1. List the pairs whose first member sits in region 382-393 and is free of Cβ contacts under 8 Å to residues at least 60 places away in the same chain, whose second member is of a type outside the set (A, V, I, L, M, F, W, C) and open to solvent by less than 60 Å² (accessible area, probe 1.4 Å), and whose Cβ atoms are under 8 Å apart, counting only residues at least 6 apart or on separate chains?
2. Could you figure out which of (1) outside any helix (DSSP H, G or I); (2) under 23 Å from Leu261 (Cβ atoms); (3) of a type in the set (Lys, Arg) isn't true of Arg608?
3. Restricting attention to region 656-677, report how many residues are open to solvent by 10 Å² or more (accessible area, probe 1.4 Å), out of contact with any Gly (no Cβ under 8 Å at 6 or more places or on another chain) and not hydrophobic (A, V, I, L, M, F, W, C).
4. Test Gly411 against the stated conditions and say whether it is in contact with a helix residue (DSSP H, G or I) (Cβ under 9 Å, 6 or more places away or on another chain), at pLDDT below 90 and either part of a helix (DSSP H, G or I) or open to solvent by less than 20 Å² (accessible area, probe 1.4 Å) (or both).
5. Kindly evaluate Ala751 against the criterion of being modelled with pLDDT under 50, crowded, with 16+ Cβ neighbours inside 10 Å and not in a loop (DSSP other than H, G, I, E, B).
6. Of the conditions (1) of a type in the set (Asp, Glu); (2) surrounded by fewer than 19 Cβ atoms within 10 Å (Cβ to Cβ); (3) more than 27 Å from the chain's Cα centre (by Cα), Asp642 satisfies every one except a single condition; which number is it?
7. Could you tell me whether any residue of region 531-539 is within 29 Å of Ile622 (Cα to Cα), in contact with an Asp or Glu (Cβ under 6 Å, 6 or more places away or on another chain), of a type in the set (A, V, I, L, M, F, W, C) and part of a helix (DSSP H, G or I)?
8. So, in region 739-788, exactly how many residues are within 27 Å of the chain's Cα centre (by Cα) and not acidic (Asp, Glu)?
Amino acid sequence: QGPRSARRPPPPPAMALARGILGLTVLASMPSEVSGHGQAIIKLHDITDEYMQMIACALPLLVAGIISLIFVVVLRSKLKAKPVGADINVPKMDELARKVKSGSIAFLKEEYKYLVVYVFIWSIVVLVLFTIKPMKEGESTDGVRSAACLIVGALLSGLSGFIGMSVATDGNVRTTVACASGSLNDGLKVAFTAGAAMGFGVVGLAATGLAFLLIVMKPERNLLEAVQYTHSFGFGASSIALFARVAGGIYTKAADVGADLVGKVEAGIDEDDPHNPAVIADNVGDNVGDVAGMGADLFESYIGSLIGAATLGAASVEGLALPLWLGAAGLLSSFVGYFFVSTKEKGDGWNTDLGALMFALEKGMYVANMLFVILAAVIVILLFGPDSEVGWKNFACVVIGLVAGMGIGKGTEYFTSFDYGPTISIKDRARTGPATVIIQGMGVGMVSTILPTMILVAAIVVCNQLSREYGIALAAVGMLGTLAISLSTDAYGPVADNAGGLAEMTHQGPAVRAKTDSLDALGNTTAAMGKGFAVGSAVLTALSLLAAFKDEVTHHRTIPMSFDIADPILLAGTLLGAMLPFFFAALTMMSVGKAAAEMIEEVRRQFREVKNENGVTLLQAIQIVTQRGTISERDDVEPDSDRCVLISTRSSVKEMIAPGLYAVFTPMVAGFLVGPRMVMGLLAGCIGSAAMMAIMMGNAGGAWDNSKKLCEKLQIKKTEQGKACVVGDTVGDPFKDTSGPSLDILLKLMAMVSLLIAPLMEGKADWEIWYVGAAILVICLMATLALIQQGILTWKDPLGVVDAAPSADKKVPASEPTVCTAPLRAAAHDPADAVREN
């Protein structure tokens, strides 16, 4: 096209979509000799207008995304129609559910206040950078386009987490009621409906947002340039995902550790005993960490895989269309698979056949995966033809990615389920105390890296041989193709966990608890499998983004750039990248430790100081329940759960800043200060190191958790052996729910940042723009000093300021908790005597 036609304004969106649908219909009906060369049935390269080509590529994904969002509205209406606690004369259940929901919303509002500022600052930075140096020479709108994509990515990522959390908090009480008034299958369907609303909501938003931006960014750009703008879309989503995972993980584990150590170990009460002040915060944490954080995480994984494959395949219209059409096929397959989830198990608690119950969820995934493979074959035939060697190689890569994801999930199940040797061995080591529990759990986690690593290595090597870097990117798309139903299964877990907590807090009968325990036990397995699946998809997604980065910084160079591992620059970057996951994990682990310390002291304080109108303390009420089994309304004490929610919210939002700062700035400093080769080494080292640490921490934490649950099943949870497993579970909590999942996002976020700034480094030699990197390094150092000044980066004891008793003339503000650092000790006399004395 000439300059005049290149500047022709695009048709209105409605007309463009109509023309795109009509064009696809006409091309599909054309005989081979009319529609162009080769045996492809739909010949997209015969479309002369590139704007119409982009519509043909993105339209199926856009339509599938919109249908998915409509399905979410239907699922939410269906969920809202289910009975609640008031319908079975247990209004207390609704009251507790409202506390969980209000605490979750309060946390997200506080978190999003910080993230709005973060997104605004980076939007300005991207606007300025790409206005000064646009991706396309002579274009002044590149900065605006990139900044708009960043804002949309951040908005949709945050919205996906909020939708998931909102639906999950509506689903927990309805799941409990379904178990109380119906069968185990009723409870399973309600919990899975809540999980499905999140799963389809996350994927629907991702598909709709990405497809829409590709169409909107296409005018006056070629296919590759239009895809490049979505890199900032991925950066916005990755940033929100990191903060959501880190802050949510710190929140939930601070509450969980406080509830476990003081409640279970010191006071000897059950996990969800309503007298534990941290139990509401713990249930809130399940939603903000395992639901909202996980939703933003997998939103970013999904679009990251599509963006990586689209960037590598945009040289041809078929290469661009394939991953986008596969995304649409995966959504359709997940929709069908949803209707196959059901069970005939009765729900006998720990005696339930978990294998049969697991199949109730897995058969939905199996149906979705089988249909996805069939549709993927159809898409390959449509785009490449039935006899195309290239097409079938691409199809093989998609299937390899799908099978690899399933294999990693099953391997994770083996190392974390209490039905198998690794977790049983941890329970056995508990006979000699907590130290041997921790040693054995670390060993199990390290050994568990072997199987997923071998699966990933095999998938990468074979896909590279078949279709080079594009094949690896397609494997990531295949692994995440049916994410909607996989995420539904994963999100089901926190809903079932909260349902069990509500059943215990409202003193439901053993039959109801047996059903919720069955659902909860199944949720633990699906959660562990989901974490393993997330690591595998993160590695393949990051590799595809790494390949896209290499392509971006080299495709216009007249002198080839070498990426030899023996190159000192690249090797130095590899060492730096391998170190970062350790530093990142350390920051998140210590953040949990600091937040948990505050929570522990607050729970101890409430046990001693919170009293009812008759003068009975919370600890005395617990002792009465423990010795008598019941407690009168006159002697019962209500804990102040709002204070615990406040502590977790305040600590988690403050502690999320440092990890996010270093994850974003490190690739920028390496790229601008040294050059692209340094970034390649940085990403390679980070991918290898972060993957191993994420697998080890996730599986070790899952094994520790299920060793504790095995003690519950064997009814030895209040023995010394059971308490040793509780200590191990407490160590494993930040492993599996904070640091491990955050590492998945770290490697993808760094790759996405690198891909975003690749056009700015294109054609640059080492040290050519060192002054830019030096300026960013100075900013990073200044931010570090500010974090030290604020006490976020510190070795000081977070409770040191309150170790000394306040002086007589200095009052402690009512808004600040006063603490008693001594562990609880059981009273030697009958607590009823103390009640009578009061």
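The values are calculated or read from the model by the stated rules, or taken from the named source; none is laboratory data. Every value quoted in this text rests on a predicted model; they were computed, and no experiment measured them. Neighbour counts run over all protein chains shown; Cβ positions are idealised from the backbone, glycine included. The accessibility values were calculated without ligands, DNA or RNA, using every heavy atom of the protein model including side chains. Shrake-Rupley method; radii C 1.70, N 1.55, O 1.52, S 1.80 Å.
1. Gly391/Gly385
2. (1)
3. Counting residues in region 656-677 that are open to solvent by 10 Å² or more (accessible area, probe 1.4 Å), out of contact with any Gly (no Cβ under 8 Å at 6 or more places or on another chain) and not hydrophobic (A, V, I, L, M, F, W, C) gives 2.
4. yes
5. Details: modelled with pLDDT under 50: no; crowded, with 16+ Cβ neighbours inside 10 Å: yes; not in a loop (DSSP other than H, G, I, E, B): yes.
Considered against the rule, which asks whether it is modelled with pLDDT under 50, crowded, with 16+ Cβ neighbours inside 10 Å and not in a loop (DSSP other than H, G, I, E, B), Ala751 comes out as no.
6. For Asp642, the exception is condition (3).
7. Narrowing region 531-539 to residues within 29 Å of Ile622 (Cα to Cα): none.
No, every residue in region 531-539 fails to be within 29 Å of Ile622 (Cα to Cα), in contact with an Asp or Glu (Cβ under 6 Å, 6 or more places away or on another chain), of a type in the set (A, V, I, L, M, F, W, C) and part of a helix (DSSP H, G or I).
8. So the answer is 23.
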